[in-house]
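Please read the structure below before turning to the comments.
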Amino acid sequence: MTTPSFQLTTLSQSSLQDYVDCAQRFKLRYLDRLSYPALETEPTLENEKHQQEGEYFHRLVQQHLIGIPAEQIARFANTPNLGRWWENFQNAKELTGLRGRDRSGLYPEATLSAPLGKYRLLAKYDLIAIENGKALIYDWKTYRRRPRDEWLSARMQTRVYRALLVNAGAHWNNGRAFEPEQIEMIYWFADFPNEPARFAYTSAQFKRDWELLTKLADEIDSAASYPLTEDRQKCLYCTYRSYCERGIRAGDMDQAEAEMEAESLFDINFEQIGEIAF
Ligand code: SF4
């Protein structure tokens with residue numbers, strides 16, 4: 001076991017998810033900062049393009065939310081995926097309230113952080129919308145499949161984003177921390193525009209989440225070893241599988257679900273951009 005080269009100061013939903021999924025992946029990615037030795041999925045080019053389009057779609061929505069007219073944005077939605085996602089964004093019934101309102105109370109690409117044990121917990125939100133005493137967290141997903149609500153509910157992103165808004169969002173609530181009951185998280189799927197996943201929040205869930213996050217931060221701080229996951233399914237799409245001698249060829253993305261693990265790895269880039277810039 002080599003000594004980690006980097007002193008980690010921040011944690012995010014991505015790094016915590018990696019830690020929960022596989023402590024070794026966490027170490028390689030965040031402590032050793034090992035660059036990607038293997039491609040995540042096959043077919044490679046198609047997935048890379050999908051990922052880039054997903055990032056671009058986020059930019060288009062962000063530009064629109066800060067006031068660029070939809071007609072102007074539409075000109076840039078110039079691939080089949082982007083065109084479809086943008087049209088879905090424009091027409092989704094679920095987003096009517098967002099589109100038809102003025103921009104005050106909309107905070108696209110907001111970054112929040114708060115102390116968590118010896119670290120700072122950091123999150124970059126696609127959009128936080130404050131309306132009628134509620135704080136709605138929106139997250140845009142360009143997944144090819146609509147994941148199960150149970151899977152999303154257990155993700156670190158769902159836990160971190162809501163809990164951190166309670167602990168660090170007071171400036172949007174007249175200086176008082178939001179009650180968990182004021183918060184809701186909404187995943188909107190660009191390819192499934194009328195099937196968003198909504199997760200309300202309660203004080204009991206917040207307590208459970210923050211205790212878990214604190215426990216994970218303490219564990220990470222005192223970790224003496226970073227075992228490889230026993231769930232080899234998680235290695236199928238992992239970039240480090242050749243390093244860990246858990247296969248060279250990637251799993252085929254079209255192969256059944258193999259869970260949403262592979263798709264969710266695409267989210268990492270946004271988080272890492274946030275972590276580096278912060
Ligand atoms: S290949 Fe498997 S064991 Fe190695 S880091 Fe990835 S998930 Fe963990």
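A simple count of charges around GLY117, restricted to other residues whose Cβ falls under 15 Å of its Cβ and scoring Lys, Arg +1 and Asp, Glu -1, yields -2. When the Cα atoms of the stretch 83-204 are aligned to their principal axes, the ranges along those axes come out at 42, 33, 23 Å in descending order. Quick note on the stretch 178-241: its Rg to Rh ratio, both from C-alpha atoms and Rh being the Kirkwood radius, is 1.12.
In this structure, ASP221 and ALA154 have a Cβ-Cβ separation that, at R0 = 30 Å, corresponds to a calculated FRET efficiency of about 0.80.
Scanning residues 5 or more positions from LEU11 or on other chains, those with amide H under 5 Å from its amide H are ARG120, LEU121, LEU122, with H placed 1.01 Å from N in the peptide plane. Note on VAL160: accessible area approximately 0 square angstrom, rounded to 10, probe 1.4 Å, nucleic acids and ligands left out. Note on the stretch 57-192: with neighbouring protein chains present and a 1.4 Å probe, carbon and sulfur make up 47 percent of its accessible heavy-atom surface. Measuring between their Cα centroids, the stretch 208-223 and the stretch 121-161 lie 21 Å from each other.
The values are calculated or read from the model by the stated rules, or taken from the named source; none is laboratory data. From a predicted model like this one, the values you see are computed outputs, not experimental measurements. Neighbour counts run over all protein chains shown; Cβ positions are idealised from the backbone, glycine included. Accessible surface is based on the protein model in full, side chains and every heavy atom, while ligands, DNA and RNA are left aside. Shrake-Rupley method; radii C 1.70, N 1.55, O 1.52, S 1.80 Å.
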